[in-house]
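Since every read-out is calculated from the coordinates, none of them should be taken as a lab result. Everything numeric here is computed off the predicted structure, so don't read it as measured data. Don't worry about glycine lacking a Cβ; one is built from the backbone with ideal geometry, like all the others, and counts go over all protein chains shown.
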Amino acid sequence: MSETASIKLGDKSYNLPVITGSEDESAIDISKLRDITGYITIDSGYKNTGATKSAITFLDGEKGILKYRGYSIEELASKSTFLEVAYLLIYGDLPTQVEIEKFQKDISRHTLVHEDMKKFFDGFPSKSHPMGQLSSLICSLSSFYPESLNSGQTAEEQNLTIIKLLAKMATVVSWIYKKSLGHPIVYPQNKLDYVTNFLNMTFGQRTEEIEIDPVVVSAMNVLLILHADHEQNCSTSTVRMVGSSECNLYASISAGISALWGPLHGGANQAVIEMLESIKADGGDTDKWINKAKDKNDSFRLMGFGHRVYKNFDPRANIIKKACDEVLEKLGVNDPILEIAKKLEAAALSDPYFVERKLYPNVDFYSGIIYRALGFPTDMFTVLFALGRLPGWIAQWKEMRENKEPIGRPRQIYVGEVNREFVEISKR
Ligand code: SDX
């Protein structure tokens with residue numbers, strides 16, 4: 001007999017079905033609540049509300065567990081490449097050797113961006129934020145590939161749209177970086193693997209092929225894998241919401257990029273470095289800044305700390321913190337803000353304010369230090385988060401479409417004026 005939840009409203013009782021997932025999470029199914037009771041639920045920020053059933057990513061915030069399609073993030077980060085993980089998230093299984101070679105070849109064929117898109121790059125002011133550029137440029141792909149607008153695409157047509165997006169996003173990201181330097185763009189080299197090709201387009205020169213340090217390639221693969229998906233976070237929920245109106249993939253992903261930009265979400269990795277730089281410039285007094293973060297009258301928050309779901313350590317933060325020491329040592333980089341970050345973390349983790357609220361370092365706390373050591377400027381960090389999150393967004397959009405989920409349209413409780421008499425403007 002399946003479990004039910006009973007609610008009592010006035011003198012009536014109602015039973016609602018309970019569903020349980022494959023990792024023993026349970027939910028009260030309220031899809032018929034309004035029909036049978038006339039009531040809706042309300043949950044600002046959806047802190048207690050599930051939007052969907054998904055088979056892509058599982059995370060347990062209390063235990064600090066993160067798995068993509070049943071594989072632990074620790075195992076994928078240490079044994080897979082980003083492209084293999086992208087394949088896993090989108091198609092559901094880790095690829096065979098034949099499958100990954102075909103995937104890489106398909107992507108390599110589509111790395112070029114339409115030459116007319118370069119006119120868009122030239123139109124942006126030189127100091128415009130890379131995330132604003134990325135969101136615009138990815139949406140503009142729907143203009144160059146109008147077949148993507150057809151919501152009735154066959155599986156093959158949809159897959160080609162997916163391949164084009166995976167291929168071209170890396171090229172667009174590298175061109176945004178080159179544009180910020182006023183340097184000539186570097187075209188894709190299709191004999192290179194996905195991550196090496198991205199790094200060559202980003203740090204290479206048009207005239208020569210640079211030797212990409214294997215340490216940098218390995219660190220980039222790990223960082224992209226760690227960011228690849230995270231179930232129903234703000235930007236992924238945005239991609240699903242926009243996609244639920246049968247909007248094309250490019251515009252749906254563009255909306256996700258915009259949502260990720262916010263400093264409370266993906267923009268935190270840039271905000272962390274800016275915070276650490278401020279603390280360093282202020283003399284490195286971490287206790288002063290911890291107190292500011294605790295002060296309700298001070299808007300300062302400890303960026304890179306806290307999480308809606310993780311009420312224990314963020315497993316990605318643990319992996320990145322370890323990689324930080326390894327990468328900086330191998331590259332011979334000594335970054336004083338790493339020491340400030342560690343001092344800040346230690347102080348926060350022993351402070352009752354943070355302990356009581358279960359605020360731990362999240363994925364954004366250390367990632368910027370590695371990005372910086374790899375040579376990326378701070379305002380490119382969130383763009384790198386978006387490049388990593390792309391396969392997850394695509395997988396979630398694809399799952400939502402395949403499951404024929406209805407257009408997203410939440411309800412509300414109205415609290416405004418009721419009946420007002422209209423008064424001519426001359427008499428107001
Ligand atoms: C990402 O959802 C995902 O999965 C996101 C992500 C992904 O992979 O997609 O993991 C990526 O976005 C990570 C989070 C990056 N953002 C930051 O690092 C920004 C700093 N952190 C916060 O602003 C905050 O912790 C959030 C936004 C991440 C979570 O906010 P919640 O869940 O809405 O919690 P809250 O704001 O209600 O905070 C609860 C309490 C409050 O204090 P009280 O009102 O109970 O006294 O904790 C306090 C908050 O003031 N608090 C902080 C804090 N974060 C929460 N106080 C100081 N510094 C902080 N960073």
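Work out, in µm²/s and without decimals, the Stokes-Einstein translational diffusion coefficient of the chain at 10 °C, 1.306 mPa s, Rh from Kirkwood over C-alpha pairs.
It diffuses with D of about 68 µm²/s by this estimate.
Could you tally the net charge around Pro263, taking each other residue with its Cβ under 14 Å from the Cβ of Pro263, Lys/Arg +1 and Asp/Glu -1? Could you put the intermediate results ahead of the total?
Numbers: positive: Arg301; negative: Glu274, Asp364, Asp379.
Charge balance near Pro263 sits at -2.
If the stretch 4-50 were replaced by its equivalent ellipsoid, with semi-axes equal to the square roots of 5 times the Cα gyration tensor eigenvalues, what would those be, largest first, whole Å?
Output for the stretch 4-50: semi-axes of 20, 15, 8 Å.
Among Phe121, Pro214, Leu390, whose Cα sits farthest toward the positive end of the charge dipole of the chain (+1 at Cβ of Lys/Arg, -1 at Cβ of Asp/Glu, about the Cα centre)?
Of Phe121, Pro214, Leu390, it is Phe121.
Where Rh is the Kirkwood radius over the Cα pairs of the stretch 356-422, the temperature 4 °C and the viscosity 1.567 mPa s, what D in µm²/s does Stokes-Einstein return?
76 µm²/s
Report the extension gain between Glu356 and Asp193 in nm, rounded to one decimal, defined as 0.36 nm multiplied by the number of residues separating them, less their alpha carbon distance.
54.1 nm
Cα-Cα over 29 Å: which of Lys288/Lys330; Lys67/Lys322; Lys119/Lys321?
Cα-Cα > 29 Å for Lys288/Lys330; Lys119/Lys321; rest within.
Tabulate in residue order the Karplus-calculated ³J(HN,Hα) for the stretch 314-330, using 6.51 cos²θ - 1.76 cosθ + 1.60 with θ = phi - 60°, rounded to whole Hz; enter x for Gly and Pro.
Result, ordered by residue: 7, x, 5, 5, 4, 5, 5, 4, 5, 5, 3, 4, 5, 5, 5, 5, 4 Hz.
Quick query: amide H of Phe305 versus all other amide H atoms, modeled in the peptide plane; which residues come in under 5 Å with a sequence gap of 5 or more or a different chain?
Excluding prolines and chain starts, which carry no amide H, the hits are Asn362.
Considering the convex hull of the alpha carbon atoms of the stretch 295-389, report its projected area averaged over all viewing directions, in nm², one decimal. Walk me through the numbers on the way to the answer.
Working: hull surface 27.4 nm².
One quarter of the hull surface, i.e. the mean projection, equals 6.9 nm².
Cβ under 13 Å from Gln412's Cβ, Gln412 left aside: what net charge do those residues give with Lys, Arg +1 and Asp, Glu -1?
+2
What does the charge count near Thr81 come to, summing +1 for each Lys or Arg and -1 for each Asp or Glu among other residues with Cβ under 14 Å from its Cβ?
It works out to a net charge of -4.
So how far, in whole Å, is the C-alpha centre of the stretch 302-338 from the one of the stretch 91-112?
For the stretch 302-338 versus the stretch 91-112, the Cα centre distance is 30 Å.
At a threshold of 8 angstrom on Cα-Cα distance, excluding pairs fewer than six apart, so keeping six or more, what relative contact order does the stretch 4-50 reach in percent?
Dividing the mean separation by the residue count of the stretch 4-50 yields 23 percent.
Taking the stretch 349-428, which GluC sites (Glu not before Pro) meet the DSSP loop condition and have no more than 13 other C-beta atoms within 10 Å?
In loop regions of the stretch 349-428 (DSSP not H, G, I, E or B), the sparsely surrounded GluC sites (Glu not before Pro) are Glu417, Glu421, Glu424.
Taking the Cα atoms of the stretch 221-273, report the difference between the largest and smallest coordinate on each principal axis, in whole Å and largest first.
Between the extreme Cα coordinates on each principal axis of the stretch 221-273 lie 37, 23, 18 Å.
Once phi is turned into ³J(HN,Hα) by the Karplus curve 6.51 cos²θ - 1.76 cosθ + 1.60 with θ = phi - 60°, what whole-Hz value does each residue of the stretch 335-351 show in order, with x for glycine and proline?
Per residue, the Karplus-derived 3J(HN,Hα) values read 10, x, 6, 5, 5, 5, 4, 5, 5, 5, 4, 4, 5, 5, 6, 10, 9 Hz.
Summing -39500 (n - 2.57) over the DSSP H runs of n ≥ 4 in the chain and dividing by its residue number, what mean residue ellipticity at 222 nm do you reach, to the nearest 500 deg cm²/dmol?
-16000 deg cm²/dmol
Calculate one ³J(HN,Hα) per residue across the stretch 87-95 by plugging θ = phi - 60° into the Karplus curve 6.51 cos²θ - 1.76 cosθ + 1.60, and present them in order as whole Hz with x for glycine and proline.
Along the stretch 87-95, the couplings run 4, 4, 5, 6, 9, x, 9, 5, x Hz.
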